[in-house]
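> Can you read through this structure? Questions will come right after.
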Amino acid sequence: MASRRSETLASALVTGINTAMARLIDIWDSIGIMEESRIERMQTVKKYIEDLLNDMITEEDALRHRIKTNIITSQKQLDDLCLEMQLEPYKLEENLTVLQMEKNLRWRLETLQQEKNDRLKELSNMRQQDEELCTELCATPFYIPTGSLPSCEQLQALKEHIQTLAEEKKSRVKVFSALRQDIKCMMEEMGHDPETSLEKDSVCNDADIFLLTKENIKALQLLLTQLEVKRESLLSTRDKLKDRAMSLWNRLDCPEKDGIGFPVDPQGSISNDISRVGIWADSWEVQRLEELQKSMLEDVIVKVRQELLLLWDVCKFGPRQKEAFEPHFSDDSYTEELLLLHESELVKVKDCYERNRPLLEALEKWEKNWVLFQDFEKKASDPSRFSNRGGALLRESKERTKVQKMLPKLEEELRSGIDAWEKKQGTAFLVHGQRVMEYIAAQKEEYRLQKDKEKLERMTKKTESTPLKTPTKRTLGMNPGGSVPSNISASSTYLALPSKPPLSAAKVYLSSHLPRM
C-alpha cells in the first residue's frame, strides 16, 4: 500500500513537471522567444530542479546517516545500561527498517534509564533508613558497593534488612522501656538517688539518650539485678528488725506494740516502706527494748525457754535432742551470755523447722489420720451405732474406708521423702528420738497392745461376773484374781511413747513465731 502511494506520487511529480514545461513552451511561443533562448531557459529550469533534488537527496542522506549513528550510539548505551542493571542484552527484532530500529532502541533506552533513576532514588531512601537504624542499634549497614547500581534482588534484600532492623528496634524499645520503668520504680521504692551516670541516664525522661544496643540492654539488666539484690537486702533488714521488735515486745509484754519509735503507715501499723529502712536501723525503739531486756534477764530467759520448749515439741524433738542443749537445764545465774545461747538455739531450731517443714507437716497429716482411724475402730466396737438413722452409718463407713486407704499412701510418701532427706543430709531423721518408720510402727504396736489389753480386761470382767459352778481351768494368761500379768504391763510400758504435743499449742506458736511460707 505504501509503495503504491509513493509510485503514484512519483508519477504525479513527473506529470506535473511535464505539464509545467508544456505551459512554459506555450508561454514562450506566445511571446515569440527564439529556440536558442528557449534552450537556455530550459537548461535553467533543469538546473534548478536538479539542484533542488540534489539538496533534498543530501539532506535525506544525512538524515539516514544520523539515524544509523543514533542506532549505533543507542545500542552501545543500551548494552552498557543492561550490563549495569544486570539485565539480559536487548535484541532488536528482525526485518526492521532503520527508522523503526532507532525508534525501538530509543524507547527501550528511555525505559531503562527511568528504571535506573527509580532504583537509585529508592536506594538513597532505604540507605538513609538503614543508616539511621544501624546507628541506633549499633548494627552493620547492608552492603551495596558505592557508585554501583543495585539489582532488584539487592533492593529487595535491603528492604527485608530494614524491616528486620525495624522489628528489632521495636523489640528493644519495649525491653528498654520495661527495664527503665522497673529501675525507676525500684529506686523510688527504696528511696535510692541515682549516683552513677548509668543510673542517672536510666531514669532520665529523655528516652533517646540511650542507644538501643545489646550492650546497653545488658548494662540496664545488670543494674536492675544489682538493685534487686539491694532491695532484697533491705527487705531482709526490715524483716529482721520487725521480727526482732515483735519478739522483744512479746517477751517483755510491752504494751507499745503499735510501733512507737518505728515509722508507721496511715493505718497506724508498722510501715513496710523499705525506703525508710535507714530510719528503722537508727530507731531507738529496738535499742530501748534491748536495754529493757537486760534489766529483766531472768523473766526473759524463762520465756525464751518456754518458747524453746514449744518449738522443740513442734519439731518433735526427743529427750536426747533436747538434752543436747545443756544451757536450757542449767541453774546458773541469768546472764546476757545465757540469753544469747538460748536465742542462738531458737534460731537454730527455727531453721531446722523450716528445712524439715514438709516432712513434719506430712507426719502431722499421718498422725491426724491415725487418730481418725483409732476413733473409727472405737466406734466400730460400739453396738449402739447400729441404731443411728439418716445415713450416718453409711457416711462413717465411707470415711473409715477413705482413712484406711489414706494411711498406707501417707506412709509411703513419708518413707520416700525421708529416704531422700537422709541420703542428702547423711543422718537419720528422728521424731521423738526415733526414726519415723520406727515411730509409726511403735504407734501401731502400742495400739495393738492396747486393743489386746482391752480385750483381756473384757474377758476378765466377764469371767468374774459368771457364777462358779465347777472348777475350771484358769484363763490363759490370767493371774489369780483376774489381774493382768506383769509381763504384759511391762511390755505396754516399754512400748509407750512420749506424750505428743497438743496441736493447738503448736499452731499458736507457729502463727506467732515462725515466718509464713
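The values are calculated or read from the model by the stated rules, or taken from the named source; none is laboratory data. The shown structure was predicted, so the numbers you read here are calculated from the model rather than taken from an experiment. Backbone-built Cβ (ideal geometry, glycine too); neighbour counts: all protein chains shown. Calculation scope for accessible area: heavy atoms of the full protein, side chains included, ligands and nucleic acids excluded. Shrake-Rupley method; radii C 1.70, N 1.55, O 1.52, S 1.80 Å.
> State all residues of region 392-413 that are of a type in the set (A, V, I, L, M) and either within 16 Å of Tyr353 (Cα to Cα) or without any contact (Cβ under 8 Å) to a residue 40 or more places away in the chain (or both); if no residue qualifies, say none.
As a first pass, look at region 392-413 and keep what is of a type in the set (A, V, I, L, M): 392-394, 403, 406-407, 410.
Result: Ala392, Leu393, Leu394, Val403, Met406.
> Then there's this: From Leu149, Leu155, grab the single residue that is touching a residue at least 40 places away in the same chain (Cβ under 8 Å), in contact with a helix residue (DSSP H, G or I) (Cβ under 7 Å, 6 or more places away or on another chain) and within 22 Å of Leu78 (Cα to Cα).
Within the list Leu149, Leu155, the selection yields Leu149.
> Pull up region 56-84, narrow it to residues that are open to solvent by less than 70 Å² (accessible area, probe 1.4 Å) and of a type in the set (Ser, Thr, Tyr), then point me to the one that is nearest to Glu110 (Cα to Cα).
It comes out as Ser74.
> Now a separate question. Here are Glu343, Glu336: which of them is under 49 Å from the mean Cα position of the chain (by Cα) and in contact (Cβ under 8 Å) with a residue 24 or more places away in the chain? Let's see the steps before the verdict.
Working: Glu336 fails: under 49 Å from the mean Cα position of the chain (by Cα).
From the options Glu343, Glu336, the qualifying one is Glu343.
> Name the residue, out of Arg66, Arg38, Arg106, that is assigned to a helix (DSSP H, G or I), farther than 30 Å from Cys152 by Cβ, charged (D, E, K, R) and touching a residue at least 12 places away in the same chain (Cβ under 8 Å).
Arg38
> Thr213: closer than 25 Å to Glu136 by Cα and modelled with pLDDT of 85 or more, yes or no?
For Thr213, the condition - closer than 25 Å to Glu136 by Cα and modelled with pLDDT of 85 or more - is not met.
> How about region 25-63: which of its residues are in contact with a Phe, Trp or Tyr (Cβ under 9 Å, 6 or more places away or on another chain) and of a type in the set (Lys, Arg)?
Arg38, Arg41
> Modelled with pLDDT under 85, within 23 Å of Lys170 (Cα to Cα) and of a type in the set (A, V, I, L, M, F, W, C): is that true of Leu137 in this structure?
In short, yes.
> Among the candidates Leu346, Leu360, which residue alone is at pLDDT 90 or above, in a helix (DSSP H, G or I), open to solvent by less than 50 Å² (accessible area, probe 1.4 Å) and under 30 Å from Ser247 (Cβ atoms)? Explain how you work it out, then say what you get.
Values: Leu346 fails: at pLDDT 90 or above.
None of the other options fit; the residue is Leu360.
> For region 410-440, name all the residues that are surrounded by 12 or more Cβ atoms within 10 Å (Cβ to Cβ) and either β-branched (Val, Ile, Thr) or under 17 Å from Val371 (Cβ atoms) (or both).
Correct list: Leu410, Glu411, Leu414, Ile418, Val431, His432, Val436, Tyr439, Ile440.
> What is the residue count in region 149-193 for residues that are surrounded by fewer than 16 Cβ atoms within 10 Å (Cβ to Cβ) and assigned to a loop (DSSP other than H, G, I, E, B)?
Residues that pass the stated criteria total 3.
> While we're looking at this one, here's another question. Across region 109-139, what is the number of residues that are within 30 Å of Lys218 (Cα to Cα), in contact with a helix residue (DSSP H, G or I) (Cβ under 8 Å, 6 or more places away or on another chain) and either of a type in the set (D, E, K, R) or touching a residue at least 60 places away in the same chain (Cβ under 8 Å) (or both)?
5
> Take the residues of region 69-93 that are part of a helix (DSSP H, G or I) and free of Cβ contacts under 8 Å to residues at least 24 places away in the same chain: which is nearest to Ile144 (Cα to Cα)?
Leu83
> Out of the residues in region 369-404 that are part of a helix (DSSP H, G or I) and among the hydroxyl-bearing types (Ser, Thr, Tyr), which is modelled with the highest pLDDT?
Checked region 369-404; the qualifying residue modelled with the highest pLDDT is Thr401.
> Which condition breaks for Glu160 when tested against (1) out of contact with any helix residue (DSSP H, G or I) (no Cβ under 7 Å at 6 or more places or on another chain); (2) at pLDDT below 85?
Going through the list (1) out of contact with any helix residue (DSSP H, G or I) (no Cβ under 7 Å at 6 or more places or on another chain); (2) at pLDDT below 85, Glu160 breaks only (2).
> If you check Gly16, Gly32, which single one turns out to be exposed (fewer than 10 other Cβ atoms within 10 Å of the Cβ) and free of Cβ contacts under 8 Å to residues at least 24 places away in the same chain? Before you say what the answer is, go through the steps one by one.
Values: Gly16 fails: exposed (fewer than 10 other Cβ atoms within 10 Å of the Cβ).
From the options Gly16, Gly32, the qualifying one is Gly32.
> Also, quick follow-up: Looking at Gln287, Gln321, which one is at pLDDT 65 or above, in contact with a strand residue (DSSP E or B) (Cβ under 8 Å, 6 or more places away or on another chain) and in a helix (DSSP H, G or I)?
Gln321
> While we're on this one: Show the residue pairs that are 6+ apart or on different chains and have beta-carbon atoms under 9 Å apart, the first residue being within region 447-461 and open to solvent by less than 70 Å² (accessible area, probe 1.4 Å), the second being in a helix (DSSP H, G or I) and aromatic (Phe, Trp, Tyr).
Tyr447/Trp370; Tyr447/Phe373
> Also, quick follow-up: Quick check on my filter: what residues within region 85-101 are over 60 Å from the mean Cα position of the chain (by Cα) and open to solvent by less than 60 Å² (accessible area, probe 1.4 Å)?
Leu92, Leu96, Val98, Met101
> Find the residue count for region 311-336, including only residues that are farther than 29 Å from Leu360 by Cα and exposed (fewer than 11 other Cβ atoms within 10 Å of the Cβ).
3
> Follow-up question, since we're still on this one. Would you be able to say whether some residue in region 195-204 is modelled with pLDDT of 80 or more, open to solvent by 70 Å² or more (accessible area, probe 1.4 Å) and acidic (Asp, Glu)?
Taking every residue of region 195-204 in turn, none turns out to be modelled with pLDDT of 80 or more, open to solvent by 70 Å² or more (accessible area, probe 1.4 Å) and acidic (Asp, Glu).
> Go through region 290-310 and report how many residues are more than 43 Å from the chain's Cα centre (by Cα), modelled with pLDDT of 85 or more and open to solvent by 50 Å² or more (accessible area, probe 1.4 Å).
Matching residues across region 290-310 total 2.
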